[in-house]
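Each reported figure results from applying straightforward, stated rules to the coordinates on display, with no laboratory input. Remember, it's a predicted structure, so these values are computed and weren't measured experimentally. Quick reminder, even Gly has a Cβ in these numbers, built from the backbone with ideal geometry, and neighbours come from all protein chains shown.
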Amino acid sequence: MKFLPRVSSRGLVAVAAAVAATAGLVTQSVGAPAPAAVQATPLQQQLDTLLQDPRYDGSQVGLVVRDATTGETLYDHDGGSRLLPASNTKLFSSTAAMHTLGADYRFHTDALATAQVTAGKLRGNLYLKGFGDPTSLESDYVGLAQQLAKAGIRRIDGDLIADDTYFDKVRLGDSWAWDDEPFYYSAQISALTLAPNTDYDSGTAIVESRPGATVGAPVNLTLVPANDVIKLVNTATTGAAGSANTLTIERDHGTNIVRVTGSVPAGAAVGQEWVTVWEPELYAADVFRRALTAQGIKVVGHLRTSATPATARRLARDESMTVGELMTPFLKLSNNMHAETLVKAMGAVAAASGSWSAGLDVVTDYAQSVGVDTSKIRLSDGSGLSRKVNVTAKSVTDILLAAQHEPWFQQWYDALPIAGNPNRFVGGTLRSRMANTPAANNLHGKTGSLTGVTALSGYVTTKDGRKLVFSMISNNYLSSPRSVEDAVGVLLASWTDQAAVTAIKPSLSRTAADTCGEWVKAC
């Protein structure tokens with residue numbers, strides 16, 4: 001069976017002259033009778049049926065399926081309509097980063113000084129300058145301190161100065177929601193930052209909570225990593241065993257005051273909540289100062305921010321993993337901060353401007369260079385957290401097709417979430433979806449999730465061994481059609497030209513995938 005190119009519709013379609021010729025049909029001459037409509041293929045018919053799901057009443061969906069080798073369009077339902085893609089935006093930013101920065105690019109963080117070191121004393125300021133590393137951990141700042149101690153430095157007579165001027169001062173993306181600010185998926189973007197864990201959630205800290213020794217006692221709190229920038233205001237108490245856990249942890253806007261309220265039942269396990277940090281460069285520098293102290297290096301002066309003088313010399317350097325390696329935590333866990341850091345880094349490297357505008361120009365230029373009609377899309381950030389981003393399902397498939405021909409493709413492809421694989425750093429945001437189906441350990445895709453938005457785009461191999469690319473973006477629904485996405489993925493993975501394929505029916509009940517979204521740590 002040969003799949004025919006598909007024009008957007010839910011039923012039978014007429015095809016353009018060029019498409020008809022490709023299908024072996026005769027084009028209509030002037031004055032000749034109109035040709036009969038072309039019969040939809042069985043695959044098209046089944047996809048049409050899936051998109052007739054009542055959850056799409058009053059909402060929009062774009063779905064394009066193409067042959068990954070030839071680029072032939074096998075199905076197109078509103079593939080040219082602009083839709084909000086959520087984290088499918090990361091397909092644009094990640095491919096542009098692999099192309100522009102390169103898979104071997106490493107971020108770095110430097111300790112620098114203009115003053116001389118005499119008898120173990122740095123007779124001036126110590127500058128901590130960040131160059132955008134979103135993977136910096138407490139252990140990396142310890143490593144910098146160890147380098148300084150090894151060089152014989154025992155005292156800093158001046159101030160410890162945090163320098164994040166490699167990027168601009170705009171901390172949050174265009175149209176990011178104010179009520180997302182306290183939460184880890186909406187952290188501030190800084191060239192000097194810190195992550196509390198190996199998910200590399202830069203710009204955040206973890207508040208650990210433990211019930212007190214007796215009912216009514218205050219809840220015990222711990223900051224990870226320990227720091228003096230975040231100020232915990234704790235009014236939470238310990239409840240009776242078996243009582244509801246009502247603990248709430250949230251940062252006040254414009255400050256690093258984190259208020260902890262509610263109740264934790266006696267005997268509860270240790271809880272963890274990620275909070276964003278206001279001005280993360282000071283957070284990173286504070287953790288670094290603690291590391292200096294632990295290495296026996298005293299800082300006499302204060303902690304403040306400023307630019308590093310051009311005459312400063314480097315005393316120590318920490319380097320990140322490569323951008324190619326970063327793709328795994330970035331794409332598997334759909335890390336927004338990685339996307340935005342990469343965008344600003346592209347601006348800094350390619351245009352000497354570590355800003356969103358400069359970086360997004362680089363992303364757009366790359367998309368255009370590989371065949372995307374960028375006049376028909378709008379990129380407003382790198383992660384898709386912005387509600388101003390508009391792309392088409394066709395433009396996403398253009399990116400997916402082009403990426404296959406890049407030298408870095410295999411590493412990037414492996415970093416995409418893999419359906420139904422329970423390993424968190426393999427299955428990623430698809431680990432609980434399409435399990436025990438032909439799509440499991442087959443479909444590599446990027447998810448997208450916002451209120452009223454779900455998207456899934458990627459690669460899948462049919463039962464016949466034919467590799468496909470697809471993009472499905474749904475907007476403005478009231479009840480999540482994510483199970484329809486999964487049904488599309490399973491249908492494509494199950495498809496064979498050799499026999500009829502049993503119709504796939506999406507679940508009508510809410511699943512964990514519907515309620516979790518991408519950025520819920522417990523899911």
### Residue (of G465, G152, A187) at the positive-pole extreme of the chain, dipole from beta-carbon charges
G152
### Message
Taking the beta-carbon count within 10 Å as an exposure proxy, list V117, V396 from fewest neighbours to most.
### Response
V117, V396
### Query
Roughly how many Å is it from the Cα centre of segment 182-252 to that of segment 167-181, as a whole number?
22
### Query
Going toward the positive end of the dipole of the chain, with +1 on Lys and Arg Cβ and -1 on Asp and Glu Cβ, which of T214, W176, S136 do you reach last?
T214
### Query
When only Cα pairs under 8 Å and 6 or more residues apart are kept, what is the percent relative contact order across the chain?
20
### Query
Which aspartates and glutamates have a Cα less than 14 Å from the Cα of K376, not counting those fewer than 8 places away in the same chain?
D78, D365, D398
### Query
What dipole magnitude, in Debye to the nearest 20, does segment 205-275 give about its Cα centre under +1 on Lys/Arg Cβ and -1 on Asp/Glu Cβ?
80
### Task
Only Cα pairs under 8 Å and at least 6 apart count here; give the relative contact order of segment 221-287 as a rounded whole percent.
36
### Query
Along segment 240-252, what does the Karplus equation 6.51 cos²θ - 1.76 cosθ + 1.60 (θ = phi - 60°) give for ³J(HN,Hα), rounded to whole Hz, x for Gly and Pro?
5, 4, x, 6, 5, 8, 10, 4, 10, 10, 8, 8, 5
### Query
What is the set of long-range amide H partners of K231 at a cut-off below 5 Å, with H atoms built 1.01 Å from backbone N?
I257, V258
### Query
Could you state the number of Å between the C-alpha centres of segment 130-158 and segment 59-87?
48
### Per-residue ³J(HN,Hα) for segment 273-281, Karplus 6.51 cos²θ - 1.76 cosθ + 1.60, θ = phi - 60°, Hz, x for Gly and Pro
9, 8, 10, 7, 10, 7, 6, x, 5
### Message
Taking the beta-carbon count within 10 Å as an exposure proxy, list F425, F107 from fewest neighbours to most.
### Response
F425, F107
### Query
When the dipole is taken about the Cα centre of the chain, and only Lys, Arg (+1) and Asp, Glu (-1) are charged at their Cβ, what size is it in debye, to the nearest 20?
540
### Message
Can you show me the helix-derived [θ] at 222 nm for the chain, built from DSSP H runs with n ≥ 4 at -39,500 (n - 2.57) apiece and divided by the number of residues, rounded to the nearest 500.
### Response
-7500 deg cm²/dmol
### Task
Express in whole angstrom the spacing between the alpha-carbon centres of segment 353-379 and segment 269-322.
33
### Violating pairs (Cα-Cα greater than 27 angstrom) within the set K121/K231; K344/K388; K90/K231; K129/K150; K332/K394; K150/K344
K121/K231; K90/K231; K150/K344
### Message
If amide hydrogens are placed 1.01 Å from N in the peptide plane, which non-local residues have theirs closer than 5 Å to the one on T305?
### Response
A162
### Task
Among (i) 73, 66, 41; (ii) 94, 60, 35; (iii) 72, 56, 40, find the value of Cα extents along the principal axes in Å that was calculated from the structure presented, and write down its label.
(ii)
## Note on the structure
A correct Karplus calculation of ³J(HN,Hα) over segment 482-498, with 6.51 cos²θ - 1.76 cosθ + 1.60, θ = phi - 60°, whole Hz and x for Gly and Pro, returns 4, 5, 5, 3, 4, 5, 4, x, 5, 4, 5, 5, 8, 5, 9, 7, 8
### Summary
Note on the chain, DSSP bridge orientation, antiparallel percent to nearest 5 equals 75
### Task
With an 8 Å cut-off on Cα pairs and a minimum separation of 6 or more residues, tell me the relative contact order of segment 118-199 in percent.
47
### Message
If the reach is capped at under 19 angstrom between alpha carbons, list the aspartates and glutamates near K505, excluding any in the same chain fewer than eight residues apart.
### Response
D48, D53, D57, E485, D486, D514
### Message
Given a Förster distance of 22 Å, report the FRET efficiency between H253 and D228 from their Cβ-Cβ distance, rounded to the nearest 0.05.
### Response
0.60
